[in-house]
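Following: one structure in structure tokens, then a few remarks.
Throughout, read-outs are computed from the coordinates displayed, never taken from laboratory work. None of these values were measured; they are calculated from a predicted model. Glycine also receives a Cβ, built like all others from the backbone with ideal geometry; neighbour counts cover every protein chain displayed.
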Amino acid sequence: MHNALNFGTLNLPFRGPIEEIRDLSKGRTNKSALIRAEGALWVMRRGSPHARHFGIDRTQEEMVLQSAANARIAPRIAFCSVEREILITEFIDGVHWQPNALRDEARLEKLIDLVQQVHQLAIPIPVADYYAHAESYWLQLVAATKRIPDPIKAMREQILRQQQARRSEHTKPMLCHRDITPSNLIEYQGRLYLLDWEYAARGDPAFDYAAIANEWDVSTRQLLSVSGATETDLAAAGLLYRYTCAMWELLNENLN
């Protein structure tokens, strides 16, 4: 039996009842559900109460998602309440690629084309400091007296040295999705779409390629041949990506 949902005074764009079909909460911070309204399926996300701890800006996320949806590389928005942390988007009933999908050169090139479409989105949001973002996780964990494993401490020392060394370099900031994992990529009717844009921010585009290098079964050689990223940039972004993920895991564990 499907559950009827009550949204109270929220001015939703739907007429008639809204039913919850099933829980989709595979994410580890937000709660999502598949809902039916006006005969169509939608995804409703209720944001995490810990969003601010992860550096998530819901107003910025809405701007980015709207732009990406207009470019047809993200689900379109049906409703968004930043204050209530409720987001309803179209349900794309497609297929998620498996991590080994990029062994196919054609698929790799198709994904890189999608990433470059993301990078070309011109959105008037501030440039983010990806190093500062990771450091904010560290500072919260230190304040909470959370034990941080020695390998991650050593990684942070590498990150601080790398940040200092790359400070003088000037990379044109571009919009990056920053979470290009197999679960966030879906194909429908020959088109690719990216889901979960809450960490999207303007910054070094190599970060997206580093995410692909770390989350998919693809060689660095393959990635360098199609992305245009340099080996140095990819290595630096890869270290920062792995460190940020490790700190995210610790912070999420501490908050939940």
The range 126-178 - Kirkwood radius from inverse mean 1/r over Cα pairs (Å):
12.8 Å
Only helical DSSP H runs with n ≥ 4 go in: add -39500 (n - 2.57) per run for the chain, normalise by residue count and round the 222 nm mean residue ellipticity to 500 deg cm²/dmol.
-13000 deg cm²/dmol
Shape call, the range 162-256: gyration tensor on alpha carbons, a/c limit 1.5:
oblate
So for the chain, averaging the separation of alpha carbon pairs under 8 Å that are six or more residues apart and normalising by length, what relative contact order in percent results?
18 percent
Most packed first (mean Cβ within 10 Å per residue), the peptides 115-121, 154-160 order as 115-121, 154-160
Can you order the peptides 38-49, 234-245 by their average number of other Cβ atoms within 10 Å per residue, highest first?
234-245, 38-49
In terms of modelled amide H atoms, which long-range or inter-chain residues lie less than 5 Å from the amide H of residue 96?
187
Just one of (1) 144; (2) 116; (3) 201 is volume of the Cα convex hull per residue in Å³ as worked out from the coordinates here. Which one is it?
(1)
What's the ranking of 206-214, 141-149 by average number of surrounding C-beta atoms within 10 Å, highest first?
206-214, 141-149
Separation in nanometres of the label points that stand 7 Å from Cα toward Cβ, at residue 255 and residue 119
2.9 nm
